[in-house]
Amino acid sequence: MPTIAVGFRRTMGALVSARARSSFGVFGAATVHGLAAGTDRWALPLYAGSIAAVIGLTAWRVLTKGGTNAPVQDRSRSVAV
């Protein structure tokens, strides 16, 4: 994952890129730890769901070129009440 985040660094900025790399690393480490510990077998569906959600949302974010944010309203012409 860090390689992918570095590839999109120009698009999303250096700070966001660094946060993305650390977030994926922490998620991966926590997931491996939880699965390797073997004490939470009842939580396997939760692990599977969270892994699927992270992979799916990451793919969506990458494939839609970062998504589109709603335009910010021009406040220079707003009327004070």
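The values are calculated or read from the model by the stated rules, or taken from the named source; none is laboratory data. Remember, it's a predicted structure, so these values are computed and weren't measured experimentally. Cβ atoms come from the backbone with ideal geometry, glycine included; neighbour counts cover every protein chain shown.
What the table below lists for this structure:
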quantity	calculated
Within the chain, helices (runs of 4 or more DSSP H) holding 1 or more residues that are at pLDDT below 70	2-7, 9-12, 14-37
Residue list for region 20-54, restricted to those being polar (S, T, N, Q) and in contact (Cβ under 8 Å) with a residue 12 or more places away in the chain	31, 50
